[in-house]
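Remarks on the structure that follows.
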Amino acid sequence: MDYFPVFLKVTDKPCLVIGAGTVAYRKIQLLLKSKASVIVVAPDISQEVQQLADNHQIEIRHKVFETDDLVNATLVIAATSDHSINTTIAEAANQHSIPVNVVDTPDLSTFIFPAIVERPPLTIAVSSGGLSPVLVRMMRERLETLIPSRFGRLAEFAASFRQSVKQGINSVEQRRRFWENILYGPIAELVFAGQINEANQRLQRQLDSLQGGSQMSGSVALVGAGPGDLELLTLRALRLIQQADVIVYDRLVSTEILDLSRRDAEKIYAGKARSQHSMSQESINQLLVRLAKSGKQVVRLKGGDPFIFGRGGEEIETLAEENIIFQIVPGITAASGCASYAGIPLTHRDYAQSCVFITGHLQSGGVNLNWEQLTVPNQTIVVYMGLIGLPQICQQLIEAGKHSDTPAALVEHGTHQDQRVITGTLQTLPGIVNKAEVSAPTLLIIGDAIRLREKLQWFQEAPVRLT
Ligand code: SAH
């Protein structure tokens, strides 16, 4: 490490800025944010800096720099455009052992400015020791996206309880565990969601019951894992998966995504393969309740979006009845994922003004749908769970009046590396699919917008071979 990282307290301390142009202005603003007492030395003052003086936020010395200006200064920033003046300032500051920064000149500086990410009262500082400002900027951008903007709120929330937690829990170790549970857990999620009152009450209750010797309460996040490609996860889904104690997952969730979880996280398969549900819906609901009540942070991970043909609503109803903290994280549904990766716009000004999502699941051997409604022109139809019923669906649409030449596509393993797209028409697709040895999951798309695929296909797909 070439520099010693510190956060300097400058509240009400005289901090000297020499120069009063745009660069100086930026540094002055930073100092003012830290509540420093700013003194600017410069013969010419820019309008924006003058404005600060007019507002009594800074003091101005209208003159060229002299060594005497350094008296009592806590730190010095040289921001003149004259290299020799900057050098004089740096030398004088060094003689008086005052930390000095010469803007954009690390050789003359005894301290440098880090890039900062602000989530007040939290501040994250990044530095490459002056070697690569672009790399630092890249890091800062990553941090900006990784750290929820409401993180500051969490810090404030924690600060407001700091004293009472300290009084309530004597052991340092226990206190650390308590805070870990709060900051990684459902109460933090409430704060992120802006439910501060609820979070306050829960934390207070937690603290009270802990003193009575009981356990921390858990929570459930119903998380959409998207259609398969790992990179289609939301940032929130990623964070919750990484934090979870237990993950209850469906068949459609890829192992790549499960691998993002903690090594010691428990993973429970809840099945949902077609017609062989390995766990009944009721027992999944009860499992989630039981896990949350035992204090676990549970992620209920579902393929695509939990609220689209995912029975998400049913699971959440039980949790709500049991007064368990829960949240719902949307995912990219198969229709969006498959359509994008197949180059088929679901809506298009020329081809489709509307789009419907339907389930093609067979019930007592048939597909029960409002076929007339599905024949409206200029509409894309997306059929989930439609592989087995494919011949019937195509046949019934034709019988209801849809043209047999209407383009139709079956997307197999959409967004996965082995994605295949089989195209045809309502008339021909079932026969082609029959010869292509298809396996689930597949999504059926019907409509004229499929014609655009010829131009818009971009994803490297596996070839379709017919037997
Ligand atoms: N909640 C999920 C859908 C669950 S129903 C979502 O929003 O996507 C399961 C059906 O979704 C499957 O039968 C299939 O039709 C479709 N599906 C899910 N993932 C898919 C994928 N990667 N490729 C093709 N179809 C998929």
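The values are calculated or read from the model by the stated rules, or taken from the named source; none is laboratory data. Here the structure is a predicted model, which is why all the values come from computation and not from measurement. Every residue, glycine as well, gets a Cβ built from its backbone with ideal geometry; the counts of neighbours run over all protein chains shown. The area values use the complete protein model at the heavy-atom level, side chains included, leaving out ligands, DNA and RNA. Shrake-Rupley method; radii C 1.70, N 1.55, O 1.52, S 1.80 Å.
Which net charge results when you count Lys and Arg as +1 and Asp and Glu as -1 among the other residues whose beta-carbon is under 11 Å from that of Leu210? That sum, taken over residues with Cβ under 11 Å, equals +2. Rolling a 1.4 Å probe over the protein chains gives His361 an accessible area of about 70 Å². For Met139, the solvent-accessible surface computed with a 1.4 Å probe is close to 90 Å², ligands and nucleic acids excluded.
Compared with the direct C-alpha span, the chain from Glu144 to Gln29 gains 39.3 nm at full extension, assuming 0.36 nm per residue.
Evaluate the relative contact order of the chain (contact order divided by residue number), counting alpha-carbon pairs under 8 angstrom at least 6 apart; express in whole percent.
9
Of the beta bridges in the chain, as assigned by DSSP with both residues counted there, near 35 percent are antiparallel.
Between the alpha-carbon centres of the range 341-396 and the range 305-337 there is a gap of 23 Å.
Computed over neighbours whose Cβ is under 12 Å from that of His96, the net charge equals -3, Lys and Arg +1, Asp and Glu -1.
Legend: residues Leu466, Leu122, sorted from most to least accessible area (1.4 Å probe; ligands, DNA and RNA excluded), read Leu466, Leu122.
Dipole magnitude for the chain: about 940 debye, using +1 per Lys or Arg Cβ and -1 per Asp or Glu Cβ, origin at the Cα centre. Taking all protein chains together and a 1.4 Å probe, the residues Phe4, Phe157 rank Phe4, Phe157 from largest to smallest accessible area. Scaled against the 2.2 N^0.38 Å expected of a compact globular protein of N residues, the Cα radius of gyration of the range 1-45 reads 1.29.
Determine the order of Tyr184, Tyr25, Tyr3, Tyr269 by accessible area, beginning with the largest, at a probe radius of 1.4 Å.
Most to least solvent-accessible, the answer reads Tyr184, Tyr269, Tyr3, Tyr25.
Rounded to the nearest 20, the size of the Cβ-charge dipole of the range 195-345 about its Cα centre is 180 debye, with Lys and Arg at +1 and Asp and Glu at -1.
Ranking Val38, Val103, Ser171 by how far each Cα lies toward the positive end of the dipole of the chain (charges on Cβ) leaves Ser171 at the top. Other residues with beta-carbon under 12 Å from the beta-carbon of Thr11 carry, at +1 per Lys or Arg and -1 per Asp or Glu, a net charge of +3. Taking the protein heavy atoms of the range 129-219 in the context of the full set of protein chains, the accessible area attributed to carbon and sulfur is 51 percent at 1.4 Å. In the structure shown, the pairs Lys435/Lys455; Lys166/Lys302; Lys267/Lys455; Lys35/Lys166; Lys166/Lys267 are assessed against 31 Å; a Cα-Cα span above that value is assigned to Lys166/Lys302; Lys267/Lys455; Lys166/Lys267.
Mean projection of the Cα convex hull over all viewing directions, computed for the chain: 31.2 nm². In the chain, the calculated helix contribution to ellipticity at 222 nm averages -10500 deg cm²/dmol per residue, counting -39,500 (n - 2.57) for every DSSP H run with n ≥ 4.
Considering only DSSP beta bridges with both partners in the range 357-467, what is the antiparallel share in %, to the nearest 5?
85
When the alpha carbon gyration tensor of the range 121-167 is reduced to an equivalent ellipsoid, its three semi-axes come out at 31, 12, 5 angstrom, largest first. At the residue level, Arg119 shows approximately 20 square angstrom of accessible surface with a 1.4 angstrom probe and all protein chains present. Among 250-256, 336-342, the peptide with the highest mean count of other Cβ atoms within 10 Å heads the list, and the full ranking is 336-342, 250-256. Could you state the number of Å between the C-alpha centres of the range 450-467 and the range 114-136? Here the two parts' Cα centres lie 44 Å apart.
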